[in-house]
1. Hey, fewest Cβ within 10 Å first, where do ASP29, ASP113, ASP75 land in order?
2. Provide HIS20, HIS12 in ascending order of the number of other Cβ atoms located within 10 Å of each residue's Cβ, fewest first.
3. Using the alpha-carbon centroid of each, what span in Å lies between region 74-103 and region 5-46?
4. Roughly what angle does helix 21-40 make with the longest principal axis of the chain, taking Cα atoms, 0 to 90 degrees, to the nearest 10?
5. Mean residue ellipticity at 222 nm from the helices of the chain, using -39,500 (n - 2.57) per DSSP H segment of n ≥ 4 over the full residue count, to the nearest 500 deg cm²/dmol?
6. With an 8 Å Cα cut-off and a minimum separation of 6 or more residues, compute the relative contact order for the chain in percent.
7. Can you tell me which aspartates and glutamates have their Cα less than 18 Å from the Cα of LYS81? Leave out same-chain residues fewer than eight positions away.
8. If Lys and Arg each add +1 and Asp and Glu each add -1, what is the summed charge of the other residues whose beta carbon sits under 13 Å from the beta carbon of MET19?
Amino acid sequence: MVQTRFVPKPEHIGFKDTMHGGLVSTLLDEMMAWACAVGTRRFAYCAELTVRFLRPLRPGIEVLALGEVVANRRDKLFEAKAEVRDLEGTVLATATGKYLPVKAAEAAVMATDLIGDPNNLLGDR
């Protein structure tokens, strides 16, 4: 499982003091993609994303985002889930997704975008 804290800013507003749904979706997708990277030691692309918006995220209010891999289909497809909660534990948004692993040669090029040693994430793959 991976997690992070996030504070939406005013520039993240879609309308009426509410974080834009596309940005909430991006946050959830990132949590699932990193859950795949950490949990399977493979980078993966999103093939399918389903998001449920339960309550608005407000600018200036810190939230907790979590992601985890729930299934690994023979290293050909990863299934993941994620959620965003307020600090009291109320779930604000949830997502499920299917992720396709990146080929090792492509992952090595992608890893150059990371800060630090990419081998800490990718291992010997």
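Please treat every number below as a calculation from the coordinates, not as lab data. Every value quoted in this text rests on a predicted model; they were computed, and no experiment measured them. Note that each Cβ is placed from the backbone with ideal geometry, even for glycine, and that neighbours are counted across all protein chains shown.
1. On the way: ASP29 19, ASP113 7, ASP75 11.
In order of increasing Cβ crowding within 10 Å: ASP113, ASP75, ASP29.
2. Details: HIS20 15, HIS12 19.
Going from least to most buried by this count: HIS20, HIS12.
3. Their Cα centres are 10 Å away from one another.
4. 30 degrees
5. Values: 3 runs with 32 residues, N = 125.
For the chain, the value works out to -7500 deg cm²/dmol.
6. Reported relative contact order: 29 percent.
7. Within reach: ASP29, GLU30, GLU48, GLU68.
8. Details: positive: LYS9, LYS16, ARG55, ARG58; negative: GLU11, ASP17, GLU62, ASP86.
Surrounding charge for MET19 is 0.
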